[in-house]
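Enquirer: There's a structure below that I have some questions on.
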Amino acid sequence: MTTSRMPFSRRNILALGAMSTAGLAGSVLSYRSAFGTSLPERGSSRSFTPFSVPMPIPPVLRPHAVHGDTDLYRLAVRQAQVEILPGTTTPVLGYGGDFVGPTILASSGRKVGIVFDNSLDRATNVHLHGGHVAAASDGHPMDLIQPDGSKYYEYENRQQGATLWYHDHSHGTEAEHVYRGLSGFYLIQDPEEKHLRLPCGSYDVPIMLRDALFDDDANMVYGDPTQRPTVLVNGAHQPYFRVARRKYRLRFLNAATERRFALNLDGVPMTKIGSDGGLLASPVPVTEHDLSAGERVEFVIDFGQHPIGTQLLLADGTLPILRFDVVADSVDHSRLPDRLRALPPLPRPRVNREITLSFDMSGDPVGLVNGKPFDPARVDFRVRRGDTEIWNVSNGDGEHGFHHNFHLHLEQFEVLDRDGAPPWESDRGLKDTIYVPPGSSARLKTRFTDYLGKYVYHCHFLEHSAVGMMAQFEVVR
Ligand SMILES: [Cu+2]
């Protein structure tokens with residue numbers, strides 16, 4: 001690896017330049033490659049020993065001030081050079097310069113205020129994914145922070161404990177920005193949850209999964225989303241994680257822009273305790289679990305059932321991505337209760353809506369919601385504050401068409417059914433993101449509780465939202 005003082009290699013400058021002058025076109029070009037020629041296999045000359053690096057744990061961001069009921073933070077959005085593949089340097093975009101952004105620890109009922117300073121040469125913004133947030137702080141795709149600009153976001157955290165994440169949502173460039181590193185964890189801790197005595201502290205571990213394509217110079221190549229063979233776990237390729245013989249709470253996030261993970265642990269049961277919206281009603285044993293882009297799942301895994309020296313492989317299908325090494329005995333005072341929390345029933349719905357996601361492939365791919373590409377000047381419908389609604393979300397591209405998923409801003413939802421059949425395991429609990437495979441539909445139920453204003457809903461395969469597969473609703477009195 002040549003150590004360049006330039007923040008980006010020439011290749012990346014060209015790629016990013018194309019994007020910043022014509023963001024949509026850049027995305028379209030990259031998406032076109034998904035349907036045509038695939039990128040040449042690169043990076044194969046690099047030698048790599050699997051499970052030779054420890055899994056990094058993202059640093060926890062410290063507030064710079066505490067005022068009454070608000071913790072105040074400041075975070076730069078900037079370019080950085082980081083070591084992802086051992087012995088090499090990769091240019092990335094990072095919150096605070098970290099490739100996996102620092103974790104923000106929030107508490108239910110206590111506010112977080114964050115100033116994001118944009119040190120990039122292009123516009124960015126920040127969306128708190130899963131957050132119940134006022135419209136002005138939601139990171140609407142057109143509400144941008146220009147280069148050298150700053151924006152104050154306020155998160156009231158009037159919601160239950162959950163694994164959320166923050167990421168770029170700048171329209172047309174969100175896919176590339178998230179790909180290059182603009183994402184981090186935001187964990188809401190809940191006083192009621194503490195009484196459950198689930199594993200906590202260093203035994204409560206956020207794990208960000210994503211994929212990437214590296215070239216021979218360890219640059220991340222932004223292109224065909226289906227040609228990203230390297231899976232990164234908290235920013236490391238096939239790391240190990242040393243665990244004690246006790247229970248751990250593991251919070252998985254799929255921060256890839258388009259990949260779906262099929263997680264399994266050598267057939268060892270994993271106890272699912274949470275999803276996008278926090279804890280489930282009760283724990284559920286699973287041996288595998290699907291996770292599409294933007295989704296979260298939480299497991300409790302009891303490594304106390306395995307002798308010291310055991311190595312357990314977490315895999316995506318058949319691809320090992322993380323190795324747990326059982327290395328020490330431990331006293332374990334944590335518990336895994338039979339009941340976790342009561343999920344409040346939603347009122348009777350007043351409104352039914354049909355939402356259809358599809359592509360117009362007549363020219364360059366254009367993403368559509370109900371037949372129309374995203375238009376920030378258009379409000380697709382208005383929602384009455386306080387109403388409960390049922391949305392039937394369909395993949396309109398046919399049985400042999402494209403995969404999509406669906407993310408709703410502002411509120412979390414229950415999945416009622418899928419094409420009339422019961423929801424999937426991955427739909428359990430409160431959700432904000434679900435997978436919608438070709439030719440299928442899912443019915444969601446949600447209540448719009450309090451905040452007013454304009455919010456978006458979209459496919460969270462970010463290469464799809466970047467080319468228009470997004471729409472907006474407005475909550476009105
Ligand atoms: Cu899509």
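The values are calculated or read from the model by the stated rules, or taken from the named source; none is laboratory data. The structure presented is a predicted model; accordingly, all values stated were derived computationally and were not measured. In this analysis, Cβ positions are derived from the backbone assuming ideal geometry, glycine residues included, and neighbour counts consider all displayed protein chains. All accessible areas refer to the heavy atoms of the entire protein, side chains included, with ligands and DNA or RNA removed. Shrake-Rupley method; radii C 1.70, N 1.55, O 1.52, S 1.80 Å.
Enquirer: Label point 7 Å out from VAL331 along Cα-to-Cβ: which residues of segment 298-318 have amide N under 19 Å?
Expert: Residues 303-305 fall inside that zone.
Enquirer: Now for a different question. Modelling each spin label as a point 7 Å along the Cα-to-Cβ direction, I'd like the THR70/ASP148 distance in nm, to one decimal.
Expert: 2.7
Enquirer: Remind me, relative contact order of the chain in percent, using alpha carbon pairs under 8 angstrom and six or more residues apart?
Expert: So the answer I get is 14 percent.
Enquirer: Would you kindly calculate the mean projected area, averaged across all directions, of the convex hull enclosing the Cα atoms of segment 429-477, in square nanometres?
Expert: Taking the Cα atoms of segment 429-477, their convex hull projects to 4.5 nm² on average.
Enquirer: Place the peptides 134-147, 170-183, 291-304 in order of packing, highest mean first, counting for every residue the other Cβ atoms within 10 Å and averaging per peptide.
Expert: 170-183, 291-304, 134-147
Enquirer: Can you give me the Rg/Rh ratio for segment 272-386, using Cα atoms for both radii and the Kirkwood formula for Rh?
Expert: 1.13
Enquirer: Now for a separate question. Would you kindly calculate the mean projected area, averaged across all directions, of the convex hull enclosing the Cα atoms of segment 127-174, in square nanometres?
Expert: Taking the Cα atoms of segment 127-174, their convex hull projects to 3.6 nm² on average.
Enquirer: A further question on this structure: Over the Cα atoms of segment 318-424, each weighted equally, I'd like the Debye log10 I(q)/I(0) at q = 0.23 Å⁻¹, rounded to two decimals.
Expert: Each listed q corresponds, in turn, to -1.44.
Enquirer: Find the percent of Cα-Cα distances in segment 351-476 that exceed 20 Å, and round it to a whole number.
Expert: 40
Enquirer: Ranked highest first by the average count of other Cβ atoms within 10 Å around their residues, in what order do 59-71, 438-450 fall?
Expert: 438-450, 59-71
Enquirer: Report the extension gain between ASP266 and ASP419 in nm, rounded to one decimal, defined as 0.36 nm multiplied by the number of residues separating them, less their alpha carbon distance.
Expert: 51.9 nm
Enquirer: Per residue, how many Å² of accessible area does segment 214-345 show with a 1.4 Å probe?
Expert: Per-residue value: 35 Å².
Enquirer: Here's a follow-up. Give the residues of segment 420-437 whose amide nitrogen is closer than 20 Å to a point set 7 Å from the Cα of GLN189 in the direction of its Cβ.
Expert: none
Enquirer: Starting from the coordinates of the alpha-carbon atoms of segment 234-340, obtain the Kirkwood hydrodynamic radius over all distinct pairs and give the value in Å to one decimal.
Expert: Taking every pair of different Cα atoms in segment 234-340, averaging 1/r and inverting gives 14.4 Å.
Enquirer: Can you pull out the GluC sites (Glu not before Pro) in segment 354-430 whose DSSP state is coil and whose Cβ has at most 14 other Cβ atoms within 10 Å?
Expert: In loop regions of segment 354-430 (DSSP not H, G, I, E or B), the sparsely surrounded GluC sites (Glu not before Pro) are GLU399.
Enquirer: Run the reach check for LYS445 against lysines, Cα to Cα strictly under 18 Å, same-chain hits fewer than 8 apart removed. What comes back?
Expert: Partners found: LYS431.
Enquirer: Right, here's the next one. Calculate, in nm to one decimal, what CYS200 and ALA136 gain on full extension: separation in residues at 0.36 nm each, minus their alpha carbon distance.
Expert: Length gained, CYS200 through ALA136: 19.7 nm.
Enquirer: Then there's this: With the full set of protein chains in place, find how many percent of the accessible area of the chain is carbon and sulfur; take the probe as 1.4 Å.
Expert: Answer for the chain: carbon and sulfur cover 51 percent of the accessible area.
Enquirer: In segment 294-356, what is the volume of the convex hull around the alpha carbon atoms, normalised per residue and reported in Å³?
Expert: Considering the Cα atoms of segment 294-356, their hull volume per residue is 174 Å³.
Enquirer: With the cut-off at 18 Å, report for segment 172-302 the share of all Cα pairs above it, as a whole percent.
Expert: Of all Cα-Cα distances in segment 172-302, 57 percent exceed 18 Å.
Enquirer: For segment 147-221, rounded, prolate or oblate, judged on the Cα gyration tensor with a ≥ b ≥ c (square roots of eigenvalues), a/c < 1.5 rounded, else prolate if a/b > b/c?
Expert: Because a/c hits 1.5 or more and a/b fails to exceed b/c, segment 147-221 counts as oblate.
Enquirer: Further question: If one computes the Cα centroid of segment 135-192 and of segment 349-417, what distance in Å separates the two points?
Expert: Taking the Cα centre of each part, segment 135-192 and segment 349-417 sit 21 Å apart.
Enquirer: Give, in whole angstrom and from largest to smallest, the semi-axes √(5λ) of the equivalent ellipsoid of the chain, with λ running over the eigenvalues of the Cα gyration tensor.
Expert: 30, 29, 23
Enquirer: Now a separate question. Output the pairs from LYS111/LYS272; LYS151/LYS194; LYS151/LYS454 with a Cα-Cα distance over 23 Å in this structure; if there are none, say none.
Expert: Pairs exceeding the cut-off: LYS111/LYS272; LYS151/LYS194.
Enquirer: Segment 193-248: Rg/Rh from Cα coordinates, Kirkwood Rh?
Expert: Ratio of gyration radius to Kirkwood radius: 1.17.
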